[in-house]
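Encoded as structure tokens, the structure appears first; notes follow it.
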Amino acid sequence: IALEESVPAENIDASCEISCSFEYVTGGVKPEIMDMINGSIVANHILFEEADGCTDVVEACKTWVEQTANGYSGEGEDVDEEDAWMYNFEFSRSGEFAGACKSRHLQTYTGSDYDYTGGAHGYTGIGHDVFDLTTGEIVTEADLFAEGYEEGVSELLAASLEEYLAEIEESPEMMFSMPEPNGNFAVSEEGITWTYNPYEIAPYSMGIFDLTVSWADLKPFLK
């Protein structure tokens with residue numbers, strides 16, 4: 001499903017651009033599994049606390065676009081035209097089925113959002129869900145790892161960060177904190193990738209961090 005809408009501001013040359021694009025399950029699994037996965041997509045990437053058990057991704061997208069459009073005032077009666085750019089808002093949401101680990105029956109779903117409501121820059125965030133394809137349930141770190149995994153996995157993430165910073169020629173002193181398992185992870189055949197959004201462990205200027213650890217390295221900590 002892909003939807004777009006443009007809402008003009010009042011009295012000034014500005015507008016609000018709204019777009020969403022989401023992949024979702026339409027078949028190939030049991031109906032109850034389809035509903036669980038689609039319900040999680042609605043709750044975690046589209047309507048959030050307003051999901052109220054909705055499993056219809058198309059209707060959820062339409063609702064989000066309508067609510068976002070209605071929430072844009074764009075009232076510029078007291079705004080000089082040279083400041084109209086501050087009312088050029090932009091909101092976008094998207095989601096897609098990404099990597100998978102077939103041997104574990106795990107499928108990653110990745111959602112991204114971008115909001116711009118004036119100022120120097122907007123904000124981009126990425127969130128992952130990992131589904132157990134045999135049940136439709138979301139898999140957590142506690143489901144994958146044995147008790148006490150945090151310290152060992154954090155050390156592996158620190159090593160991955162060190163390699164990444166060397167590649168981009170950035171100093172570790174730029175970091176706010178060292179990476180730890182944060183629940184925002186994706187799986188693939190190669191391993192697990194943890195995502196850290198802007199401001200989470202580093203300043204906005206350094207962007208989003210994706211740190212991957214191989215299944216082989218994670219093996220001592222897996223259930």
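Results, tabulated for the structure shown:
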read-out: Residues that are of a type in the set (D, E, K, R) and within 18 Å of the chain's Cα centre (by Cα), drawn from the range 10-43; value: 23
read-out: Single residue of 110, 134 found to be touching a strand residue (DSSP E or B) at 6+ places or on another chain (Cβ under 6 Å) and either part of a helix (DSSP H, G or I) or hydroxyl-bearing (Ser, Thr, Tyr) (or both); value: 110
read-out: Among the candidates 52, 13, residue that is more than 19 Å from residue 136 (Cβ to Cβ), open to solvent by 30 Å² or more (accessible area, probe 1.4 Å) and in a loop (DSSP other than H, G, I, E, B); value: 13
read-out: Only listed residue being part of a helix (DSSP H, G or I), closer than 25 Å to residue 221 by Cβ and in contact (Cβ under 8 Å) with a residue 12 or more places away in the chain, chosen from 127, 152, 99, 183; value: 152
read-out: All positions within the range 144-154 that are of a type in the set (D, E, K, R) and more than 24 Å from the chain's Cα centre (by Cα); value: 147, 151
read-out: Residues of the range 1-47 that turn out to be within 24 Å of residue 133 (Cβ to Cβ) and of a type in the set (A, V, I, L, M, F, W, C), as a count; value: 13
read-out: In the range 113-124, the residues that are assigned to a loop (DSSP other than H, G, I, E, B) and in contact with an Asp or Glu (Cβ under 6 Å, 6 or more places away or on another chain); value: 122
read-out: Some residue of the range 177-190 being more than 18 Å from the chain's Cα centre (by Cα), open to solvent by 20 Å² or more (accessible area, probe 1.4 Å) and either of a type in the set (A, V, I, L, M, F, W, C) or modelled with pLDDT under 95 (or both); value: yes
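The values are calculated or read from the model by the stated rules, or taken from the named source; none is laboratory data. Remember, predicted model here, so these are calculated numbers, not experimental data. Cβ: placed from backbone, ideal geometry, glycine included. Neighbour counts: every protein chain shown. Surface accessibility is based on the protein's heavy atoms, side chains included, excluding ligands, DNA and RNA. Shrake-Rupley method; radii C 1.70, N 1.55, O 1.52, S 1.80 Å.
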